[in-house]
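Enquirer: Structure below; questions to follow.
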Amino acid sequence: MDRVKSSMQQVPNAIPKVIRRTGGANSLELEKENFERGQAVSINKAINTQEVAVKEKHARTCILGTHHEKGAHTFWAAVNRLPLSSNAVLCWKFCHVFHKLLRDGHPNVIKDSMRNKADLTDMSRMWGHLSEGYGKLCSIYLKLLITKMEFHIKNPRFPGNLQMSNRQLDEAGENDVNNFFQLTVEMFDYLECELNLFLGVFSSLDMSRSVSVTAAGQCRLAPLIQVILDSSHLYDYTVKLLFKLHSCLPADTLQGHRDRFQEQFKKLKSLFYRSSNLQYFKRLIQIPQLPENPPNFLRASALSEHISPVVVIPAESSSPESEHVVETEDLVDTDVPALPAAVETTFDDLFGTSAAIDPFNFNSQNGMRKDDKDRLIEQLTREIEALKEELESFRLESGRLCQALRGRVSELEAELAEQSHLRLQAAGESEFLKAELEDLRRVREDTEKEQRSLTEIEKKAQANEQRYTKLKEKYTELVQSHADLLRKNAEVTRQMTVARAAQDEVEEVRREMQEKVKSAQEVAERQERDQLHQLQELQRELVSNRVELESLKTTMASSQQASSEVLSTQLVALETEKAELVQSLSKVEAELAVRGEELERVQSSLATERESGVKMAEALQNQLNEKESREQALESQLVAARWSSLQGAVEEAEKIIQDSLAQIDDPAHISCTSSADYLASRCQASLDCMERLHSAGEAFLADNTGVSDLVRVVTQCGHLVGDTIVQGSATSHMVPVEQADALSESVKACGAEALALLGQMKQQDSLAAADDSKLRAALEAILATAEKLRPRGLELQQGELGDLVEQEMAATSAAVESAAARIEEMLNKSRAVDTGIKMEVNERILASCTELMQTIKELILSSKDLQRDIVEGGRGAASMKEFYAKNSRWTEGLISASKAVGWGATVMVDAADLVVQGKGKFEELMVCSHEIAASTAQLVAASKVKADKDSAKLHRLQHASRGVTQATAAVVASTKSGKSQIEETDTMDFSSMTLTQIKRQEMDAQVMVLELETRLQKERERLGELRKKHYELAGVAEGWDEGEEGTG
């Protein structure tokens, strides 16, 4: 009771005051009030904020209450007062109790609950904003309950607990394969919601701990018993319905059903297996195990192998909340009486017995007291009686214990049978697990193989990635090196300039040194020649001196004595001169040696400088060659990159055009429409882009560095041509068949020419020969067709439409008035000239024409009034011209109808004039009358488009239109009667003709009849073609194929 009080304190307004007791309440009212109070108490005890499972007795009371009142009004009256939107645990327990009522309650519970479907949907949406805890579970559970109610409302043959026989299941589909198909889809949706709740509860529990023995865990797991009961039936019915559908429909049609069943089968099997291992479910429900493999629906005999899953709920299974309750009554043995105490005395010991009753009481007879032996006998007798009673009690106890043991034996036998069944299931599961283990091993091996292949693929991908990274880095390096080389090129150019300048200086120095060496050599040679000459002279002098000396010696020998002194002096002088000459000769030789050494040093320095200059020039030439090779490689790479970008743009343009051509053949494109104006604008934009493409292509061929302009123009041209193709095809849906076929062929030819041109531009060798003249011609052909299809009224400026309407209406009125005046003039002239029948015929025809002109004039005035009313009511703040411009199609219709009326009146007057003069034909006058009637009908229809159906001016216009029709009929009737009167006067008189003349006239008449028949046939064909062409041109000009603007 304390727990109940606490729960009632936690939930405000727990017990709804359904019926207030009145003073004069009768027994039925008291019974109803007690019933509702008891239901309210049970509902609030079952649905409270405590995180424990719902007690079975409270839920059973609620179920019995729905059967008692044959509905769920009391339940919803109590539930609507609970704060379900503010407490997730409260909402969760409400869903559990409501699910029980839907399953086991009265059938009217579902109907009564549909009134609260909107509230349940809003509550589910509200709780769905929470991502964890009871909030998310409440959202899923509410969706499941809504789906269950909708399913039972759509399929009323299914009871709430889904228990049906095979015959009832067949009757539910009414032997219609479409009903079975739809029923299977609904069961799939129903089972999907059940599985979502299953998965949501399991994902919210920590399965690593024994959550099924805790109160919080049991609170979340308790509703799954109802889910298991529903899921087993839904699975069984789905299998049977799928076998039935496969027997009636082809397998390809049911591929989606089989895929969805396979997915739900795997989930349901896994969830059943996980649930059967929980300790909580083992005591409350026996969960079936699904087969190892799903049924093979493609084999009809597999239905006999299907075993319907049966969920067993033990009859004496206790509710989760009472499993730990100790029944104290069973601990006390109330059948065995307590043993009598040894000191207890009987009634006879206290008061004695009468002798009459006990004839063997000798003590009382003799007046003596009982001895000890007698007392002992009596005591033993009492003990025997007590033992007999005790024995009887033991016998009863043993009988009760035997009965209990028999029940226990029965339970153990049932448990043994269940264990054997579980053992068989475990054996089957072990086989299944072994097979699954084998499958897992194979899958693991396949996975390892796939992993190895995946590793190899990843390695290859990494290698490709690395290669791509390296190529990218290489490309970056090439770009950087290209930039560096450009900088180095500039630097090398400067260095080359400096080196050339230095080389020029070296050449100048070398030339100067060579000149110096040559001059030094020449000087040395001259000095050497001079010295040799001097030496030769000295030698000649020496020889001469020696000769002289010999002569002197000879002379001295002859005249030694006389000239000894003179000779000695001369000899000394000669010796001195000789020493001087030897000394000068040694100086000259030393100077020559010094000059030779200097010459050798200059020549070695010149050789060294020449070698260094050659090496520097070679190094600079190598750098220049390497730079040129790098520039060539970079230039080739740049050219390849430019060409690849151009090819990419061309391929993208090809894809765009191919996609546009594919859209033409797409059936969904038939509903797309476009206008000839937009098509013309797209064609003109494509032609302009073709001009830019031509100029960009020529610029690229002249200088291949300008590829960016060509890429941009190619992409833009692809988009524009593709848009032109799509818009051309859409425009062809709005024009007549012949023009639509011609336009479609032009569009396809344009696409083919565009693809051919792009194919030529993809090849480098055929780029120069690419000819865009054919594509340009195709676009010009489409543009010409679009110009032909453009409505003629679009040539006018919008500002001119209003003035043109007024002008045309005024011109029509003037033409009608002029026609009426001419008819009056012709009538007066006919009266003055004609007589007899001809005057009568002319007067009748002209009078009917005059009446027709009066009715046409009245019609035009009514049309003007109605148009003025339409413009005033529809223009709002805009001017009249703006209204006419905004509703240009309607305005053009008025203009066309006014022109037709004025033209018809003029032509009719001309025809009447010719008829009166005797030069015309009566048929022309009748045709003109019919044409005027058609034109006035067109004017009425054009004026009537935007008019209010209750407008008085519209009724006036319709009355005038009927007057024109009657007047037209009068003109036709008077013309016919006049024609007949004229023809009657011209009687044929053949009395004066001979046989030959009559024969000739007969032949001429036959020839005339044949000619007229042939001409009549041709004229009928020509009339049909003219009407067809007139209809087409009028439709294009007046926009019949487009929706009327502003008719809302």
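The values are calculated or read from the model by the stated rules, or taken from the named source; none is laboratory data. All values derive from a computational prediction rather than experimental measurement. Virtual Cβ from ideal backbone geometry, glycine too; neighbours counted across all protein chains shown. The accessibility values were calculated without ligands, DNA or RNA, using every heavy atom of the protein model including side chains. Shrake-Rupley method; radii C 1.70, N 1.55, O 1.52, S 1.80 Å.
Enquirer: Among the residues of region 164-208, how many are over 39 Å from the mean Cα position of the chain (by Cα) and either at pLDDT 90 or above or part of a helix (DSSP H, G or I) (or both)?
Expert: Number satisfying all stated conditions: 6.
Enquirer: Let me ask something else about it. Just to check your reading of the model, which residue among Leu90, Leu120 is at pLDDT 90 or above, crowded, with 16+ Cβ neighbours inside 10 Å, more than 26 Å from Ile153 (Cα to Cα) and not polar (S, T, N, Q)?
Expert: Leu90
Enquirer: I've got another one for you. If you check every pair at least six apart or on different chains, which have Cβ atoms under 8 Å apart with a residue in region 609-631 that is part of a helix (DSSP H, G or I) and at pLDDT below 75 first and a residue that is polar (S, T, N, Q) and open to solvent by 50 Å² or more (accessible area, probe 1.4 Å) second?
Expert: Gly613/Gln503; Ala617/Gln503; Leu620/Gln495
Enquirer: Still on this structure, I have one more. Of the residues Ser212, Ser232, only one is out of contact with any Pro (no Cβ under 8 Å at 6 or more places or on another chain) and either assigned to a helix (DSSP H, G or I) or surrounded by fewer than 20 Cβ atoms within 10 Å (Cβ to Cβ) (or both); which?
Expert: Details: Ser232 fails: out of contact with any Pro (no Cβ under 8 Å at 6 or more places or on another chain).
The match here is Ser212.
Enquirer: Mind checking which residues of region 925-961 are polar (S, T, N, Q) and open to solvent by 10 Å² or more (accessible area, probe 1.4 Å)?
Expert: Correct list: Gln938, Ser951, Gln958, Ser961.
Enquirer: Got a sec? Which of Val909, Val901, Val964 is buried (at least 21 other Cβ atoms within 10 Å of the Cβ) and modelled with pLDDT of 75 or more?
Expert: On the way: Val909 fails: modelled with pLDDT of 75 or more; Val901 fails: modelled with pLDDT of 75 or more.
When all the criteria are applied, what remains is Val964.
Enquirer: Against the definition (modelled with pLDDT under 75, open to solvent by less than 50 Å² (accessible area, probe 1.4 Å) and touching a Leu at 6+ places or on another chain (Cβ under 7 Å)), how does Ala885 come out, yes or no? Spell out the reasoning first.
Expert: Details: modelled with pLDDT under 75: yes; open to solvent by less than 50 Å² (accessible area, probe 1.4 Å): yes; touching a Leu at 6+ places or on another chain (Cβ under 7 Å): yes.
Yes, satisfied.
Yes/no matrix, rows are residues, columns are (1) touching a residue at least 40 places away in the same chain (Cβ under 8 Å); (2) aromatic (Phe, Trp, Tyr); (3) farther than 30 Å from Ala222 by Cβ; (4) not in a helix (DSSP H, G or I):
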position: Cys138; (1), (2), (3), (4): yes, no, no, no
position: Tyr141; (1), (2), (3), (4): yes, yes, no, no
position: Thr147; (1), (2), (3), (4): yes, no, no, no
position: Arg157; (1), (2), (3), (4): no, no, no, yes
position: Asn161; (1), (2), (3), (4): yes, no, no, yes
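Enquirer: Here is a further query. When you check Leu242 against the structure, is it in contact with a helix residue (DSSP H, G or I) (Cβ under 7 Å, 6 or more places away or on another chain), of a type in the set (A, V, I, L, M) and modelled with pLDDT of 90 or more, yes or no?
Expert: So Leu242 fits the description; yes.
Enquirer: Between Gln1017, Gln981, Gln997, which is exposed (fewer than 11 other Cβ atoms within 10 Å of the Cβ) and either modelled with pLDDT of 80 or more or of a type outside the set (D, E, K, R) (or both)?
Expert: Gln1017
Enquirer: Is it the case, given these coordinates, that Ser746 is more than 13 Å from Cys683 (Cα to Cα), crowded, with 18+ Cβ neighbours inside 10 Å and hydroxyl-bearing (Ser, Thr, Tyr)?
Expert: no
Enquirer: Which one of Ile895, Ile845 is in a helix (DSSP H, G or I), at pLDDT below 70 and either under 22 Å from Arg962 (Cβ atoms) or not polar (S, T, N, Q) (or both)?
Expert: Ile895
Enquirer: Quick one: which of Pro314, Pro309 is out of contact with any Cys (no Cβ under 6 Å at 6 or more places or on another chain), modelled with pLDDT of 85 or more, farther than 18 Å from Ser212 by Cα and surrounded by 13 or more Cβ atoms within 10 Å (Cβ to Cβ)?
Expert: Criteria check complete, one pass: Pro309.
Enquirer: Another question about this same structure. Inside region 122-153, can you point out the residues that are in contact with an Asp or Glu (Cβ under 9 Å, 6 or more places away or on another chain) and of a type in the set (A, V, I, L, M, F, W, C)?
Expert: Of everything in region 122-153, those that are in contact with an Asp or Glu (Cβ under 9 Å, 6 or more places away or on another chain) and of a type in the set (A, V, I, L, M, F, W, C) turn out to be Leu144, Phe151.
Enquirer: Looking at region 265-300 only, could you name the residues that are closer than 24 Å to Ile313 by Cα and polar (S, T, N, Q)?
Expert: Ser270, Ser275, Ser276, Asn277, Gln279, Gln286, Gln289
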